[in-house]
Every structure is written in C-alpha cells, then in structure tokens.
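Quick note: the coordinates plus some simple rules give every number you see, no bench work behind them. Computed from a predicted structure; not experimentally measured.
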Amino acid sequence: MPNGLEITQKAIDDFVKVQRRMKLAKEENAVKTYADLKEDYKSLKALLAVAGVNLTEIDYINE
C-alpha cells in the first residue's frame with residue numbers, strides 16, 4: 001500500500017504531465033482536449049494544495 005509521500009509524488013508527476021499536455025493542446029488549438037485536460041489540472045492542483053505542496057515552482061500554467 002502506498003504511503004502519503006508516494007501518493008503525493010504520483011500526483012505531482014501527473015500534474016506536471018497534464019500541464020505539458022495542456023501546453024501542446026493549446027499550441028495545436030485543440031480546444032476540447034485543452035478543456036478536458038484543464039479539469040484534470042484543477043483536480044490535481046486542489047489535491048496538491050490540500051497536501052501542502054508548494055505549487056509555485058511547478059505550476060507554469062497558472063489557471
């Protein structure tokens with residue numbers, strides 16, 4: 001069973017991956033894909049904030 005640190009690390013990895021894909025979707029003008037990824041972005045951002053992760057360094061989308 002994963003511990004809190006492992007769960008947080010997975011969420012951080014997912015957050016970074018979602019942001020990278022959001023950037024690509026925006027560059028490709030994939031509006032629906034971007035909107036879908038934004039939902040994941042918001043959920044992960046909320047989870048990480050509750051976990052006490054400082055998002056200043058890893059949140060480059062800032063939405």
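Structure values in brief
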{"read-out": "Folded to 0 to 90 degrees: helix 4-27 orientation relative to the chain principal axis, Cα", "value": "10 degrees"}
{"read-out": "Area projected by the alpha carbon convex hull of the chain, averaged over all directions, nm²", "value": "4.3 nm²"}
{"read-out": "On Cα atoms only, tilt of 31-50 relative to the major axis of the chain in degrees", "value": "20 degrees"}
